[in-house]
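One structure is given here, and the rest of the page talks about it.
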Amino acid sequence: MKLHITTPLTVAVDVDGILSLRADDATGSFGILPGHADFLTSLTISVVSWTESDGTRHFCAVRRGVLSVTGGSEIAIATREAVPGNDLATLDETILARFRADTEAERAERADSTQLQLNAIRQIVSHLRPTGRGGSANFS
């Protein structure tokens, strides 16, 4: 079987001659062997593993995505992020470091967004606040 794992920016994995593949979707873990029926599913955040014809196992952490099987021999995964590796321990360290950096960046983006919203609210409130003692609001 052939396996292609792509992200919006790169081809993370492109191998031919795999014997089996394991992945996870919302229903749990599943396997794919040669001759598998055409199939389409949404992946969860998980580690996809496959065995090549020489018995070597490989791994790729994916951050969600879509997996399709066509013709019983073509497996394609399109994902937001893919981190390939040959050793689970090393892959685990790499994933934790990358996801931690992403989490910190997402936190900073949320803080910036919140600050922008607060500034917009302050501007709206100051614009609608009554002017002077007469109590009339400034709506211009």
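Under 5 Å between amide hydrogens, built in the peptide plane, is the criterion, and for His36 it picks out nothing among residues at least 5 positions away or on other chains.
Taking the Cα centre of the chain as reference, the dipole from Cβ charges on Lys and Arg (+1) and Asp and Glu (-1) amounts to some 1100 debye.
Sequence-ordered 3J(HN,Hα) estimates for region 50-57 from the Karplus curve with 6.51, -1.76 and 1.60 and θ = phi - 60° stand at 8, 10, 8, 4, 8, x, 6, 9 Hz, glycine and proline given as x. Only protein heavy atoms count here; under a 1.4 Å probe, Ser42 has an accessible surface of about 80 Å². Residues in the chain average 63 Å² of solvent-accessible surface per residue, probe 1.4 Å, ligands and nucleic acids excluded.
Backbone geometry of region 4-15 corresponds, through the Karplus equation with coefficients 6.51, -1.76 and 1.60 at θ = phi - 60°, to 3J(HN,Hα) couplings of 10, 10, 10, 10, x, 10, 7, 9, 7, 9, 8, 10 Hz, x marking Gly and Pro. For Leu43, the amide hydrogen comes within under 5 Å of the amide hydrogens of Gly65, Val66, Leu67, counting only partners 5 or more places away or on other chains and with H modelled in the peptide plane.
Between Ile121, Thr7, Ala23, the Cα set farthest toward the positive side of the dipole of the chain (charges on each charged residue's Cβ, about the Cα centre) is that of Ile121. Helix 88-128 axis versus longest C-alpha principal axis of the chain: approximately 20°, rounded to the nearest ten. Accessible-area rank, largest first, for His4, His58: His4, His58, with all protein chains present and a 1.4 angstrom probe. Between amide H atoms placed 1.01 Å from N, distances below 5 Å from Ser20 occur with Thr51, all of them 5 or more places distant or on a separate chain.
The values are calculated or read from the model by the stated rules, or taken from the named source; none is laboratory data. All values reported here derive from a predicted model rather than from experimental measurement. Because the Cβ atoms are built from the backbone with ideal geometry, glycine has one as well, and the counts that use them run over all protein chains shown. Keep in mind that these areas ignore ligands, DNA and RNA; they rest on the heavy atoms of the full protein, side chains included. Shrake-Rupley method; radii C 1.70, N 1.55, O 1.52, S 1.80 Å.
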